[in-house]
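Asks: My questions will all concern the structure given below.
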Amino acid sequence: MIVEVLAVGTELLLGQIVNTNASVIGARLAEAGLHHYHQVVVGDNVERISAAIAVACARSDALIVTGGIGPTPDDLTRDALCKAAGVDMAFSDDYAEELRIVWEARGRRMPESNLRQAQYPVGAELVANPKGSAPALRLLIDSTWVFALPGVPAEMVALIDNEVAPFLRQAAGGDTGVVASRVLRTWGDSEAHIGGVLEDLYDDHTNPTIAFLASAGEIKVRITAAAADAAAAKVLIDPVDREVRRRLGRLVYAEGGGSIEAVLLDRLRERGWTIATGESATGGMIAARLTSIAGSSDVYRGSLVAYGEMAKRDLLGIDAAVIAESGVVSEPVALAMARGAAQRLHADVGIGVTGSAGPEPHGRQTGTMVVAVSTPEDARARTLAMPGDRERVRTYTTTAALHLARLALSGDWWGPGEANIWVEDRSATE
C-alpha cells in the first residue's frame, strides 16, 4: 500500500512552525510496512488544498492530511475535502452536543465557532480524538482512503498509532511486513567520494536500498530493506552493511543514533580519562555538544572560552611570545590552548580550537580553522579549510574537533590524508 502525506498550513510554508509531524508519520509508516513516496506542504487555500488532495489520490492508496480541521476561519481542510470529493458539507448534531458537554464540564461557555468541528464531508466518518476537541475524518475518495488529522503533534500521533496505522495495515491485507533501516555514520570524507566508492552497491540493490545523507560535516549511509519481519530485514541488510564497512574502513565510527559526542564520551570512559575544552572561534559549541549528553559530567571537566588574545593569555596561560611569533590562528596557539585547558581544568585530555570563521579574515583566509588535541600520550594540531558561511564553518569545526579527539584517543591519531575534504596538507606533531 502506498501512503502519501499532505501537511496543511501557511505557517509551515513561512517557516513559523517546523513540520515535525512529517518525520513522525514517516517513521510510523515504515514501522507498519507501508510504502511512502511523497510528502507535500500546502498553504491555507481551499483551491490549492483540494488540488493537492486530487493529485495525491491519483497516485496513492491512502492519504494522510494534517492540519486545518480546527475551529477558526483559516481551517479549510474540511471544505477542501468536500471540493475534492465532489460532495456537500454535513453537520453532526451528536458531535455538537458532545462539544457542548465538554465545555460545560470545564465551567465555560463554548464559542459558536467550535461548531465548525462538527462539520464533515458527506460520506466521511468522524473518528474520536482522545486528546483534543477536533475529530479526525476518514473518507474514501474514489479508491483512496483519506484521513484528515489535527496538526497538533500529540493529537496527531495518538490518532496515527491507534486509528490510522491499524486501519491501513488491515486495508492492505493485514500482513504488510516492515520497512527497516540501518544508518552507518561516517566522518572524514565527502559525500561525493563516499557515493563514488559505494556507487555499484547503490545501482545494484533494490532491496535493500542505499542512500546518502549529509549533516553537519558528517555523511550517513542508510541501508533500508522491506521484508516480512524485522529478522528477515536484518538478513537482507547485514551483508550490505559488512561490504559498506569494508570499503569505508575507519570512516565509519558509529551505527544508528550514536552521535560523535556520545561516542567520544564513551571512549574517554574506556580509557579512564577526563577532558576539557579551550575554545575561541567556536565560542563554546564543543562544550554545548558534550554537555548535551546526560551523564557527561563524569568525564567532562568544562570549557574555557578564550576569544581575545588577553583571554588566551590569562585563562589558558598561553605565552604572549607564541601568539606574537605564530599568530592567533596557528597550530602552536591551538596546541597551547589544548594543553592550557587540560591543565587549568585538571583534565587528562584537552581540545583547543582557534580560527578565522569569518566574515573578517583575522590574518588567515576565512574558513581557516585549527584544532589541537592533547592527551597524556601525545599532542597534535590540524589546520582545516572549512567551507561555507560563519555558522557553517563553526558547526563543521565543532564536529571535526570531536572526531579528531576520538581519533587521538584511539592512539592512531590522524594521518596526512585524514579528513581530506577539509584538511590542508599539513599537521603539527609534538
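The numbers here are math on the coordinates, done by the rules we state, and not lab data. Fair warning: this is a prediction, and the values are worked out from it, not measured in the lab. Quick reminder, even Gly has a Cβ in these numbers, built from the backbone with ideal geometry, and neighbours come from all protein chains shown.
Asks: Would you calculate, for the chain, the mean residue ellipticity at 222 nm contributed by helices, counting each DSSP H stretch of 4 or more residues as -39,500 (n - 2.57) and dividing by all residues, to the nearest 500?
Replies: Values: 16 runs with 166 residues, N = 430.
Estimated from H runs of four or more residues: -11500 deg cm²/dmol.
Asks: Now for a different question. Please compute P(r) over all alpha-carbon pairs of the range 209-271, binned at 10 Å starting from zero, and give each bin as a whole-number percent.
Replies: For the range 209-271, the pair-distance distribution reads 18, 43, 31, 8, 0.
Asks: What is the projected area of the convex hull of the Cα atoms of the range 59-109, averaged over all directions, in nm²?
Replies: Result: 5.2 nm².
Asks: Once whole DSSP H runs in the chain are found, which of them have Cα atoms spread over 15 Å or more along the helix axis and a mean Kyte-Doolittle score of at least 1.0?
Replies: 46-59
Asks: So which trypsin sites (Lys or Arg not before Pro) in the range 82-143 end up in coil per DSSP with only 11 or fewer other C-beta atoms within 10 Å?
Replies: 106, 108, 109
Asks: Now, a different point. Average the reciprocal distances over every distinct pair of alpha-carbons in the range 260-429, invert the result, and give the Kirkwood radius in Å.
Replies: After inverting the pairwise mean of 1/r, the radius is 15.4 Å.
Asks: Return the inverse of the average 1/r over all pairs of distinct C-alpha atoms in the range 2-171, which is the Kirkwood hydrodynamic radius, in Å to one decimal.
Replies: 16.1 Å
Asks: Then there is this: Within straight cross-link reach of residue 234, meaning Cα distance under 20 Å, which lysines are found once same-chain residues fewer than 8 apart are removed?
Replies: 220
Asks: Given bins 20 angstrom wide, list per bin the percent of all Cα-Cα distances in the chain, short to long.
Replies: Histogram of Cα-Cα distances, whole percents per bin: 22, 38, 30, 9, 0.
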